[in-house]
Amino acid sequence: MDTNQLMIPVYINEKIVLDMLAIIEDGFSTVSQVSYTEHKENNNTQKLEAGASTSATILSKLLKIDLKGELSHSGNHGENENTTKEKVHTNVSLLSKFRTFLVDKRILKSGFDIESIKIGDFIEIEGELQKNPLIDCMDIFVDVLRMADIFAEKPQLGGKAQARIQKQQEDETVKKIKSFANELKHSGTIDFILSDSAGTVVLSAQEQYLSNDNISEILGGHFKVLGKVITICKDKNENIDLLRKTSLSIFPSELLSEMLSGFQNDDIAQYNIPEVKTKISGPAVMVIPIAIYV
């Protein structure tokens with residue numbers, strides 16, 4: 001068995017995997033039945049039947065485990081043991097099966113080659129995943145303000161009123177930043193960035209399919225991504241808009257630059273906050289991820 005088949009996903013779009021396999025196999029069953037009979041000599045007479053069944057939490061409408069067994073014999077002629085087992089696929093084994101099909105049929109393209117990639121291609125790329133740089137900047141800025149508040153010295157007598165006003169202003173700023181960041185996530189999807197020496201890949205992932213809904217599990221880690229290409233930008237004159245799914249995309253670039261200029265002043269620079277980006281310049285591709293795994 002190829003070790004690539006033994007994958008551990010942190011993100012898997014189960015619906016796409018099931019749909020693709022149903023197309024490939026013209027409908028399919030996630031359960032297969034295996035039966036066998038054994039004969040043994042015995043002087044006892046007995047009959048025993050047992051059964052057990054359970055349903056999986058994932059894809060519960062399709063996946064089922066049902067084990068049944070029957071043990072019987074008559075006189076001194078021996079015994080027959082009839083066993084029926086139903087073997088079941090999980091979402092990960094179905095993913096592995098789908099990837100194996102793509103590899104065997106030479107449908108899956110590996111690596112980032114902007115000249116050979118086409119819209120609709122299935123590709124597998126690997127690298128270190130980072131959050132949408134705009135969301136990352138907002139989150140870090142909120143953390144900076146939170147930590148500054150924790151370590152701030154208590155105001156001296158007579159300065160409490162001024163400190164209270166400053167705290168109210170900071171709270172209002174944090175509220176606005178969080179609202180801005182939530183606007184980037186309101187569609188239920190979140191962009192991840194995978195940088196390669198040859199270009200950048202933008203992954204438009206659905207949060208509901210993240211393992212344990214924990215984004216931190218994949219940030220900074222080295223993963224493989226299986227997905228389908230939906231946008232290609234071959235040169236620096238083309239770009240992928242990170243605000244495309246939000247109402248902020250209607251604003252002109254000049255106004256957006258002015259809105260975000262507060263994150264680029266000298267006071268903020270000392271906190272090592274990443275560069276604010278609203279667009280990813282080519283060469284770049286946008287991919288709908290089917291799975292992110294190691």
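The values are calculated or read from the model by the stated rules, or taken from the named source; none is laboratory data. Keep in mind that this is a model prediction, so the values were computed, not measured. Because the Cβ atoms are built from the backbone with ideal geometry, glycine has one as well, and the counts that use them run over all protein chains shown.
Go through region 108-123 and give me each residue that's among the hydrophobic types (A, V, I, L, M, F, W, C) and under 12 Å from residue 227 (Cα atoms). Before the answer, list the steps.
The first filter runs over region 108-123 and keeps only residues among the hydrophobic types (A, V, I, L, M, F, W, C), leaving 108, 112, 114, 117, 119, 122-123.
Across region 108-123, the qualifying residues are 108, 119, 122, 123.
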ask   = Which members of region 207-232 meet the condition of being over 10 Å from the mean Cα position of the chain (by Cα), of a type in the set (A, V, I, L, M) and modelled with pLDDT of 90 or more?
value = 226, 229, 230, 232
request  = Return the pairs, sorted by first residue and then second, in which the second residue is of a type in the set (D, E, K, R) and outside any helix (DSSP H, G or I), the first residue lies in region 191-210 and is without any contact (Cβ under 8 Å) to a residue 24 or more places away in the chain, the beta carbons are less than 8 Å apart, and the residues are 6+ apart or on different chains.
outcome  = 207/185
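Checking the structure you have, find out if any residue of region 196-206 is modelled with pLDDT under 85 and under 20 Å from residue 136 (Cα atoms).
Of all residues in region 196-206, those modelled with pLDDT under 85 come to 196-198.
Cutting the leftovers down to under 20 Å from residue 136 (Cα atoms) gives us 196.
Taking every residue of region 196-206 in turn, at least one turns out to be modelled with pLDDT under 85 and under 20 Å from residue 136 (Cα atoms).
Please work out if residue 103 is closer than 29 Å to residue 15 by Cβ, within 17 Å of the chain's Cα centre (by Cα) and at pLDDT 85 or above.
For residue 103, the condition - closer than 29 Å to residue 15 by Cβ, within 17 Å of the chain's Cα centre (by Cα) and at pLDDT 85 or above - is not met.
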query = So which residues in region 92-108 are surrounded by 12 or more Cβ atoms within 10 Å (Cβ to Cβ) and outside any helix (DSSP H, G or I), if there are any at all?
reply = 108
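Scan region 109-127 residue by residue and report those that are surrounded by 15 or more Cβ atoms within 10 Å (Cβ to Cβ) and either more than 15 Å from residue 201 (Cβ to Cβ) or out of contact with any Leu (no Cβ under 6 Å at 6 or more places or on another chain) (or both).
Narrowing region 109-127 to residues surrounded by 15 or more Cβ atoms within 10 Å (Cβ to Cβ): 109, 112, 114, 117, 121-127.
109, 112, 114, 117, 121, 123, 125, 126, listed by residue number.
I need a count of the residues in region 1-32 that are out of contact with any strand residue (DSSP E or B) (no Cβ under 7 Å at 6 or more places or on another chain) and either in a helix (DSSP H, G or I) or modelled with pLDDT of 90 or more (or both). Step through it out loud before you land on a result.
Looking only at region 1-32, we keep the residues that are out of contact with any strand residue (DSSP E or B) (no Cβ under 7 Å at 6 or more places or on another chain), and these are 1-6, 14-15, 18-29.
Right, trim to either in a helix (DSSP H, G or I) or modelled with pLDDT of 90 or more (or both) and you get 3-5, 14-15, 18-24.
Qualifying residue count, region 1-32: 12.
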